[in-house]
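Read through the structure below, which is laid out as structure tokens, and then see the notes.
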Amino acid sequence: MNPNIFLAFFAFVSISLLSLSCSNDGNTSNTNSENVAQLQDAIIQGTWKITRFIEDGVNQTSNFNGFNFTFNTNGTVLATNGSTSINGTWSTNVSSSGTPKFVLNFNISNGPFDEISEDWNIESVSSTLIDLKHVSGGDGSIDLLLFIKN
């Protein structure tokens, strides 16, 4: 067998196998929709607290000490610490790029509740934990937010 033909055949088979191993199985949107559905089901059960909020590499979790968050089925959220109550809204969606999102908005122009008013990427969800990440469209900085069920 001609060595050039053998090399061409070997290259063709290798590229074919490589392309098959990299193919998308089509389950990405199902997984993302399942993450959204799981968050929607979990978040309306009980009250939640923030156990991690890191903005631009700075731990700001203490700004939410004592606050409990109640997420209602109508898309409203109430954060209260006994003396202060802050109303907001929440929603979920899957972005056009397929990323599951949790959108939190407290309509406050400054302070810690303004800082968590973002469209968060849903990293992981369970019945007791909601792990979120936000990547800034401006400078690419990363913020992390973790809710734990009380």
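The values are calculated or read from the model by the stated rules, or taken from the named source; none is laboratory data. What you see is a predicted model; the values in this text were computed from it and never measured. FYI the Cβ positions are ideal-geometry reconstructions off the backbone, even for glycines, and counts take in every protein chain you see.
Scan segment 63-94 residue by residue and report those that are of a type in the set (Val, Ile, Thr) and either in contact (Cβ under 8 Å) with a residue 40 or more places away in the chain or not in a strand (DSSP E or B) (or both).
THR73, THR84, THR92, VAL94
If I filter segment 92-150 down to residues being of a type outside the set (A, V, I, L, M, F, W, C), closer than 21 Å to THR73 by Cβ and under 9 Å from the mean Cα position of the chain (by Cα), which single residue comes out as surrounded by the fewest Cβ atoms within 10 Å (Cβ to Cβ)?
Only one residue fits best here, namely ASP119.
Being β-branched (Val, Ile, Thr) and either outside any strand (DSSP E or B) or more than 16 Å from LYS49 (Cβ to Cβ) (or both) is the filter here, so list the residues in segment 126-138 that pass it.
Of everything in segment 126-138, those that are β-branched (Val, Ile, Thr) and either outside any strand (DSSP E or B) or more than 16 Å from LYS49 (Cβ to Cβ) (or both) turn out to be THR128, VAL135.
Yes or no: SER109 of a type in the set (S, T, N, Q), outside any strand (DSSP E or B) and either out of contact with any Cys (no Cβ under 7 Å at 6 or more places or on another chain) or at pLDDT below 95 (or both)?
So SER109 passes the test.
Out of the residues in segment 52-87 that are farther than 20 Å from ASP41 by Cβ and among the small types (Gly, Ala, Ser), state the one that is surrounded by the fewest Cβ atoms within 10 Å (Cβ to Cβ).
SER83
In segment 51-62, is there at least one residue being of a type outside the set (Ser, Thr, Tyr), touching an Asp or Glu at 6+ places or on another chain (Cβ under 6 Å), closer than 17 Å to LEU145 by Cα and not in a loop (DSSP other than H, G, I, E, B)?
yes
Output the qualifying pairs, or none if there are none: Cβ atoms under 7 angstrom, residues six or more apart or on different chains, first residue in segment 123-140 and without any contact (Cβ under 8 Å) to a residue 24 or more places away in the chain, second residue part of a loop (DSSP other than H, G, I, E, B) and surrounded by 14 or more Cβ atoms within 10 Å (Cβ to Cβ).
If the second residue must be part of a loop (DSSP other than H, G, I, E, B) and surrounded by 14 or more Cβ atoms within 10 Å (Cβ to Cβ), the pairs left are HIS134/GLU118.
Go through (1) at pLDDT 95 or above; (2) surrounded by 16 or more Cβ atoms within 10 Å (Cβ to Cβ); (3) not polar (S, T, N, Q) one by one and return the number of the condition LEU39 breaks.
(1)
Starting from segment 42-59, keep only residues that are in contact (Cβ under 8 Å) with a residue 24 or more places away in the chain and at positive phi, then list their pairs with residues that are small (Gly, Ala, Ser) and not in a strand (DSSP E or B) whose Cβ atoms are within a distance under 9 Å, requiring at least 6 positions of separation or different chains.
Partner pairs satisfying both residue conditions: ASP56/SER136; ASP56/SER141; GLY57/SER141.
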